[in-house]
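Structure first, commentary second.
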Amino acid sequence: MKHILAKTATRRSFLTLAAGGAALAATASAQSAQAQVATKARIVIIGAGAGGTALANRLVKRLNGAEITLIDPRKEHLYQPGLTLVAAGLKPADYVLSNTTDWLPEGVTLIQEAAAAIDAEARTVSTSGGQTLGYDFLVLAPGLTLDHDAIEGFSLDLVGTNGIGALYAGPQYAAATWQAAQAFTETGGVGLFTRPATEMKCAGAPLKHAFLLEDIGRSAGTRSKMDIHYMSNNQSLFGVPIVSEKVRMLFGDRGITPDYSHVLKAMEPGKKTATFATPDGDVERDYDYIHVIPPQRAPDVIRQSGLSWADKWTDQGWVECDKATLQHLRYDTIWALGDVAGVPKGKTAASVKWQVPVVEDGIVSAIAGTAPTETYNGYTSCPMITRVGRAMLIEFDYNNNLTPSFPGIIAPLEELWISWLMKEVALKATYNAMLRGRA
Amino acid sequence: MKDLTVNTMLAVFEEIFGRGLFWAMVIVAAVITLAYLYVLIRDRNVSWGKFLLAQLSMPIGAIAAVWFVLFMTHSKLGNIGGPVDVIVLLGIAVAGAVGFAVLVYTAQSLFRPNTEES
């Protein structure tokens, strides 16, 4: 009898569980079905990177009948958060590579050309192939431009030779960077880790590169031969003061010398010297390894179409938009998304993840004639790698407040293995889920 | 993390392992668990002889699980940096130990059902 009772109970709990699961699934699908808005709107998204792709995937789920077109000449999709790992020899170059078309949903059109001009008055976008597209809603998500020419004497074909690294430039350059960086960790010498004075994507990346090479040298037993300098663009090491202080302390522990207010402006690869602009005038420094991150600006098509801020970042041209809604301040049918947005923080994939639902809500609300409710608070996340195997999970907002996802469990300013696991294992998976509009 | 729901977690795991491998692992885990429940219900009691071997094999499962995670993530034990890391490490070890013990017990029950000593 006992056994029969036990069996019945087990079976009943199984059934309850199964029913619960089915109900949950039904609720989820009912929610997505309810949310569909019928429309004939023409939506053009410039850029099929992280932002454009994730937004397209979400819009096709929310809208029924919309004509969604993405414009992007690049066939390859880059998982840019992986570039620091490639440049430290921890991942191969193809770790960051996939095809743009792998991620796009059914029912959208991809034009593999560059956007050449935007006429916000006439609501048209012209492409490099001579097409002109009309739009009802336009999303600017073209990413940003790395202005390598701004560093006199530098060119991309030098990366990987003569102790020159430049991991931002793409997977092949990140892999070439590791060749030069590995030589530095083996033979030692002076290493200069630079960053530009402009806004930049993932301001943690130059710090991570310095930390990783220091740790690799330490593990290899060559650390004593390495003289590592972090060339900061101003008087801090990171935009968030409390994080900057933490990094300063870690640099102290690890023997990394901060050289404040040193902005790279020129180099002579043959002589292995670099010139830095400082408040006291130009300074020339010798190096055995130098990591170059050039100034970063909005793509020309944005700057030439009159969509940039007129009174802020005038040398960089980020899109003039509301920092909470990301809607253009002068054209209410245009939104900015990702690196190109003229907001004080957030040129990271994590920011994109937070921005996409805001732009989605703005467009769907405009179509449905309702008031949007989603806003962006400047959230950015930076798994700041401090060693191979350890990182700090730093998250913050516009106000430089730390906004930990797991307060009391994962301390943001502590070097933890779990934070490294998140970067190493879970981050790309979360990113991919985001691209598909599922996270 | 934004909207850490069950669906998000499933999406993340599908991306980590690939959809096919992830669900294959879920199915394998479910099959082993069901087989374990089946032998418990079939035999109407726990065989302590088999349970002893299952327990003795637990450290192997624990070490294997920890080694697998460290290897897959370029990590070493020296990277443990705080209490939460110790908890995660112990969690991985416990999961590996219990999983392997269940596997060993079930395999014995299924393939050597007649060596019952009780």
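Bear in mind these aren't lab numbers, they're just calculated from the coordinates by the rules spelled out. As the structure is a prediction and not an experimental result, all values here were calculated from the model. Cβ atoms come from the backbone with ideal geometry, glycine included; neighbour counts cover every protein chain shown.
Structure summary
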read-out: Per-residue mean of C-beta atoms belonging to partner chains within 10 Å, peptide B:44-53; value: 0
read-out: Other protein chain Cβ atoms within 10 Å, averaged over every residue that makes up A:409-422; value: 5
read-out: 222 nm mean residue ellipticity, helices alone, for chain A (DSSP H n ≥ 4; -39,500 (n - 2.57); rounded to 500); value: -10000 deg cm²/dmol
read-out: Within the protein assembly as shown: Cβ-based charge dipole about Cα centre, in debye rounded to nearest 20 (Lys, Arg +1; Asp, Glu -1); value: 2220 debye
read-out: Distant-in-sequence amide H partners of A:Glu395 (H built 1.01 Å from N, under 5 Å); value: A:Cys382, A:Thr403
read-out: Under the Karplus curve 6.51 cos²θ - 1.76 cosθ + 1.60, θ = phi - 60°, whole-Hz ³J(HN,Hα) for the stretch A:407-421, x wherever Gly or Pro sits; value: x, x, 10, 10, 6, x, 9, 10, 7, 10, 5, 5, 5, 5, 4
read-out: Normalised contact order of chain B, rounded percent, pairs of Cα under 8 Å and 6 or more residues apart; value: 36 percent
read-out: Under 5 Å, built H, 5+ apart or other chain: amide partners of A:Leu70; value: A:Ile45, A:Thr109, A:Leu110, A:Ile111
read-out: Cβ crowding within 10 Å averaged over residues, with A:202-208, A:220-226 ranked highest first; value: A:202-208, A:220-226
read-out: Label-to-label distance, nm, for residues given as B:Val86 and A:Gln172 (7 Å Cα→Cβ offset); value: 5.0 nm
read-out: Calculated SAXS-style log₁₀ I(q)/I(0) at q = 0.05, 0.09, 0.13, 0.14 Å⁻¹ - chain A, Debye, Cα scatterers; value: -0.20, -0.61, -1.16, -1.30
read-out: Cross-link pairs A:Lys201/A:Lys265; A:Lys353/A:Lys423; A:Lys323/A:Lys345; A:Lys246/A:Lys312; A:Lys208/A:Lys347 - those with Cα-Cα distance over 21 Å; value: A:Lys246/A:Lys312
read-out: Per-residue mean of C-beta atoms belonging to partner chains within 10 Å, peptide A:426-435; value: 5
read-out: For peptides A:117-128, A:420-431, A:371-382, B:41-52, sequence by mean Cβ density within 10 Å, most packed first; value: A:420-431, A:371-382, A:117-128, B:41-52
read-out: Pair A:Asn400, A:Thr187: separation of 7 Å Cα→Cβ label points (nm); value: 4.2 nm
read-out: Protection proxy ranking, peptides A:103-115, A:385-397, A:268-280, average beta carbon neighbours within 10 Å, highest first; value: A:385-397, A:103-115, A:268-280
read-out: Residue of A:Ile46, A:Ile409, A:Ile334 that the Gaussian network model of chain A assigns the largest fluctuation, springs spanning Cα pairs under 10 Å; value: A:Ile409
read-out: Between 0 and 90°, nearest 10: helix A:50-62 axis offset from chain A longest Cα axis; value: 0 degrees
read-out: From the C-alpha gyration tensor of the stretch B:33-118, square roots of 5λ in Å; value: 32, 11, 10
read-out: Backbone HN-Hα couplings from phi across the stretch A:151-159 [Karplus 6.51/-1.76/1.60, Hz, Gly and Pro as x]; value: 9, 4, x, 9, 8, 5, 6, 7, 5
read-out: DSSP beta bridges in chain A [antiparallel fraction, %, rounded to 5]; value: 50 percent
read-out: Value of Rg/Rh across the stretch A:93-139 [Cα atoms, Kirkwood radius]; value: 1.09
read-out: Residues listed by number, the stretch A:412-439, amide nitrogen under 20 Å from B:Ala24 label point at 7 Å toward C-beta; value: A:429
